[in-house]
Amino acid sequence: MIKVSAPGKIHLSGEHSVVYGQPALLTAIDRRCFVSLKKRDDQLIEIKDKKFKKKEKLTFNQIRHFAYLTKKAWQSNDPLALVKIGINEIYSFLEKKPICGFDLAINSQIPFGSGLGSSAALAVGLVTGVLLYEHSSRGLINEIAFQIEKRQHGCPSGGDNTVVTFGGFLRFQKKANRFEFDHLKLPQCKDPVFTLVDSGQPMESTGEMVAVVRQQITNHKSQITKIFKKIGEITNSFIKCFQKADFSQLKYLINENERLLEELGVVGNRAKKLIQLIKENGGAAKICGAGGVKQGSGMILVYHHQLEELIEVLKNKNIKFMKIKLGEEGVRYD
Ligand code: PMV
């Protein structure tokens, strides 16, 4: 039996502009997706997902056929779609078929579709589990997981799968058709504490929100390019804050990043109201993923230099929150 787990992630800074070559600061968080894989005596592959309460037993050829059918329309209502597409991507990449069948069980602690990298954690966990039979370098895991992310999101930057694979804090930047990343070595200090507030699951997928921004570029190229550049500068300042362990600018940087994301048109009213409340109570907040405008915008990253004070306000208003740890370990064998 093989057991692996991959963390969720947040964008501390740089979502959307990272798709267009600006740097992003990403970190792994302490919510994980657990994947286990057990060899079977026959050729079947049984997939079980605890969160979606779904179980399916298929041949490899059925999986391959499913992946072929969904190639054009990467949106599917089947909750196991990404797993089947992922299995096909892995074996296509390796140019082979599984030698024997396996039971695959998935159990994720990461809220789905909320900007916390649930699909990247599933992709990286799945690839790691399967590659344990084959090769097992993190570089290869990341490369194949990126192919699966492309099937889920269309045109992702590759930042989510990279931070979920390697963990810690990463400065990530897309350069033409490849990406570069540095593991940030941060001084030993008491890291600032963040919490997440849920603005509701977006109705739109990440791919759709990336398309919203692409449309904005078509309509207002120079204005949007300026916004991307400013977000890139914010990301670099954010990194300096962490490297120097001087968090005095953090509040300003988070609020400024949020203002620019609102200008990009990726934040909905529900999230804007929550963010306003947090600011009025001395905090800073931004969405931390692709966002959404029709209803929810996913998780909101919240910072306050006296977090407990803000938590009292959230409790009094019955607003749910989730404390998180940053810089967590990447994918690992459990
Ligand atoms: O919402 P998430 O967790 O899928 O994050 C998306 C981040 C984007 O910058 C909007 C897209 C990307 O591929 O980097």
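For the range 233-318, averaging the sequence separation of C-alpha pairs within contact (under 8 Å, six or more residues apart) and dividing by the residue count gives a relative contact order of 24 percent. Close amide H pairs (under 5 Å, H built 1.01 Å from N) link ILE29 with GLY8, LYS9, ILE10, GLU328, residues at least 5 positions away or on another chain. Taking 16 Å as the straight-line reach from the Cα of LYS53, the aspartates and glutamates in range (excluding those fewer than 8 positions away in the same chain) are ASP78, ASP103.
Tell me which lysines have Cα within less than 17 Å of LYS9's Cα, excluding those fewer than 8 residues away on the same chain? Once the sequence-local lysines are set aside, what remains near LYS9 is LYS286, LYS323, LYS325.
For the listed residue pairs LYS50/LYS279; LYS174/LYS317; LYS229/LYS251; LYS3/LYS185, the alpha carbons are over 31 angstrom apart in LYS50/LYS279; LYS174/LYS317. Annotation: the residues SER13, SER297, SER36, sorted from fewest to most other C-beta atoms within 10 Å of their own C-beta, follow the order SER36, SER13, SER297. Across the chain, Cα-Cα distances exceeding 34 Å account for 23% of all pairs.
Helices assigned as whole DSSP H runs in the chain whose Cα atoms extend at least 15 Å along their own long axis and whose mean Kyte-Doolittle hydropathy is -1.0 or higher are found at 81-94, 118-131, 138-153, 206-219, 221-244, 250-264, 269-280.
The numbers here are math on the coordinates, done by the rules we state, and not lab data. Keep in mind that this is a model prediction, so the values were computed, not measured. Virtual Cβ from ideal backbone geometry, glycine too; neighbours counted across all protein chains shown.
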